[in-house]
1. State whether one or more residues within segment 45-62 are in contact with a Gly (Cβ under 9 Å, 6 or more places away or on another chain), at pLDDT 95 or above and not aliphatic (A, V, I, L, M).
2. Residue check: is Q36 in contact with a helix residue (DSSP H, G or I) (Cβ under 6 Å, 6 or more places away or on another chain) and surrounded by 10 or more Cβ atoms within 10 Å (Cβ to Cβ)?
3. Quick one: is L9 surrounded by 10 or more Cβ atoms within 10 Å (Cβ to Cβ) and assigned to a loop (DSSP other than H, G, I, E, B)?
4. Of all residues in segment 1-43, how many are within 30 Å of G53 (Cα to Cα) and among the hydroxyl-bearing types (S, T, Y)?
5. Failed condition for L15, given (1) in a helix (DSSP H, G or I); (2) among the hydrophobic types (A, V, I, L, M, F, W, C); (3) at pLDDT 95 or above, with all others met?
Amino acid sequence: MTNLLKEALAEVANLPEAAQEKIGGELLSHLDKLRQLRAKIDKGLRSLDRGAGRELDIKEVIQRAHAQHGKA
């Protein structure tokens with residue numbers, strides 16, 4: 001464990017139990033999202049290694065991102 005993480009956990013340990021539970025839940029949720037992202041990246045890399053990649057239309061990618069995230 002890194003010194004920074006040890007320091008952060010020591011600070012959290014000084015908080016009320018409810019705050020510790022909330023921070024713990026948020027941390028676990030964040031770690032789960034990172035694991036899911038890593039799995040998607042690994043899947044994409046395996047796809048590229050198999051030669052399944054294709055050229056993207058960057059304008060289309062940006063339009064989809066805007067549509068998905070509510071930007072005009």
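1. The answer is yes, given that some residue of segment 45-62 is in contact with a Gly (Cβ under 9 Å, 6 or more places away or on another chain), at pLDDT 95 or above and not aliphatic (A, V, I, L, M).
2. Working: in contact with a helix residue (DSSP H, G or I) (Cβ under 6 Å, 6 or more places away or on another chain): no; surrounded by 10 or more Cβ atoms within 10 Å (Cβ to Cβ): yes.
Against the criterion (in contact with a helix residue (DSSP H, G or I) (Cβ under 6 Å, 6 or more places away or on another chain) and surrounded by 10 or more Cβ atoms within 10 Å (Cβ to Cβ)), Q36 does not qualify.
3. Details: surrounded by 10 or more Cβ atoms within 10 Å (Cβ to Cβ): yes; assigned to a loop (DSSP other than H, G, I, E, B): no.
No.
4. Of segment 1-43, the ones within 30 Å of G53 (Cα to Cα) are 30-43.
Filter again for among the hydroxyl-bearing types (S, T, Y), leaving none.
Number of matching residues: 0.
5. (1)
The values are calculated or read from the model by the stated rules, or taken from the named source; none is laboratory data. Here the structure is a predicted model, which is why all the values come from computation and not from measurement. Heads up, the Cβs are rebuilt from the backbone with ideal geometry, glycines too, and the neighbour counts pull from every protein chain shown.
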